[in-house]
């Protein structure tokens with residue numbers, strides 16, 4: 001008969017931290033030998049009950065580590081939840097034969113899971129998430145406290161230099177990160193006033209073109225291309241080649257190169273180009289008039 005495993009307590013906004021801590025204390029800590037045998041049973045035989053006991057016995061470790069990240073303004077319930085995911089990943093990959101305790105191994109997975117969640121929540125993708133910037137993000141507060149850099153706003157150049165040297169980053173990165181941490185993200189759905197129904201996003205200006213504008217521009221571009229293609233048929237082969245190479249490509253060919261290609265002078269090439277361009281203009285205007293298009297310069 002299958003054993004019913006006790007559920008892992010949930011820490012939600014409706015359930016306070018003290019009640020959660022009280023609930024997870026009911027799961028006993030493991031002695032080294034017991035932990036080793038449970039880890040072997042899970043790794044070698046897929047014993048789900050053993051894995052469950054390994055996870056529940058370390059929930060207090062997750063709560064302790066998560067509490068160290070309270071200063072980032074995120075709900076404790078979310079930090080603990082992400083830390084528990086990291087703990088489960090650690091249990092899954094834990095190798096007991098290497099001789100160290102699960103807690104030693106799991107704390108790295110727990111911290112990594114919580115830190116990744118914080119980084120995403122703070123939208124740090126905008127300023128990058130390199131290893132150095134992650135290190136700066138998670139150590140800036142600690143170092144500011146250590147050197148007693150308690151000033152409001154920007155730090156003094158001396159304190160910026162100390163932190164930049166300690167973390168091996170540029171002074172500019174320290175200043176930018178300090179400003180970023182001092183101004184956390186705010187929801188665009190937040191109301192402008194407590195008694196109003198307008199939100200901040202209602203005042204944002206969309207600088208992108210409207211769908212109607214893009215459609216009109218694409219239609220105009222298509223018409224111009226059709227007129228140009230038709231007008232090109234009025235030119236002879238040499239005129240088409242010269243006008244194309246001189247005016248219709250991103251990297252125009254020089255008069256010198258074309259003069260050598262056709263065995264004529266540079267001035268003669270220029271004259272052919274001017275004549276071809278005038279013929280194109282005339283043909284395009286005539287076709288635009290026939291098709292009823294508005295003529296533009």
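The values are calculated or read from the model by the stated rules, or taken from the named source; none is laboratory data. Computed from a predicted model, the values in this text were never measured in an experiment. Cβ placement follows ideal geometry from the backbone for every residue including glycine, while neighbour counts extend to all protein chains displayed.
Considering the conditions (1) within 24 Å of residue 172 (Cα to Cα); (2) surrounded by fewer than 20 Cβ atoms within 10 Å (Cβ to Cβ), residue 137 is excluded by exactly one of them, (2). Looking at 74, 79, which one is under 25 Å from residue 140 (Cβ atoms), under 32 Å from the mean Cα position of the chain (by Cα) and assigned to a loop (DSSP other than H, G, I, E, B)? Answer to the check: 74.
Of all the numbered requirements in (1) modelled with pLDDT under 80; (2) part of a helix (DSSP H, G or I); (3) under 24 Å from residue 84 (Cβ atoms); (4) in contact with a helix residue (DSSP H, G or I) (Cβ under 8 Å, 6 or more places away or on another chain), residue 132 misses one, and that requirement is (3).
Taking the criterion of being closer than 18 Å to residue 43 by Cβ and assigned to a helix (DSSP H, G or I), the residues of the stretch 54-71 that qualify are 54, 55, 56.
The rows are residues; the columns are (1) touching a residue at least 12 places away in the same chain (Cβ under 8 Å); (2) crowded, with 17+ Cβ neighbours inside 10 Å; (3) not in a helix (DSSP H, G or I).
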site: 240; (1), (2), (3): yes, no, no
site: 246; (1), (2), (3): yes, yes, no
site: 268; (1), (2), (3): no, no, no
site: 276; (1), (2), (3): yes, yes, no
site: 280; (1), (2), (3): yes, yes, no
site: 286; (1), (2), (3): no, no, no
